[in-house]
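These notes are about the structure you will find just below.
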Amino acid sequence: AQHAAATLKLMQLHETEGDWSEALRAYDDLPAPLRAERGGQAAQYLCELAEHALVEGDVARVEALLQQALRHDSRCTRAVFL
């Protein structure tokens, strides 16, 4: 329980800093039930990364990131829109 709480705080810290890759790594360290509960959050991190890839013109990476986002949250409007 302490590990999960610390990991959630770490995710928040990375969110605040806009470090989406690190926030996603912290998410991956959560226990499976919490990951399932917070799939929408992971999808948003992936959408952030996709937007950065879009600016860089890396269309293949954008598509891969958005597919991952939809696997985490099939109803992610942002991923569908992007």
- Ignoring ligands, DNA and RNA, what percent of the accessible area of the chain is carbon or sulfur (1.4 Å)? 53 percent
- By how many nm would the segment from Val55 to Leu70 lengthen if fully extended, with 0.36 nm per residue of separation less the alpha-carbon distance? 3.4 nm
- Given unit charges at Cβ for Lys, Arg (+) and Asp, Glu (-), the dipole magnitude of the chain about its Cα centre in debye, nearest 20, is 340 debye
- Rounded to the nearest whole Å², what accessible area per residue is found for the chain with the 1.4 Å probe? 64 Å²
- Within a Gaussian network of the chain (alpha carbon springs, distance under 10 Å), most fluctuating of Ala60, Ala42, Ala69: Ala60
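The values are calculated or read from the model by the stated rules, or taken from the named source; none is laboratory data. All values derive from a computational prediction rather than experimental measurement. Virtual Cβ from ideal backbone geometry, glycine too; neighbours counted across all protein chains shown. Side chains included, ligands, DNA and RNA excluded: accessible areas come from the protein's heavy atoms. Shrake-Rupley method; radii C 1.70, N 1.55, O 1.52, S 1.80 Å.
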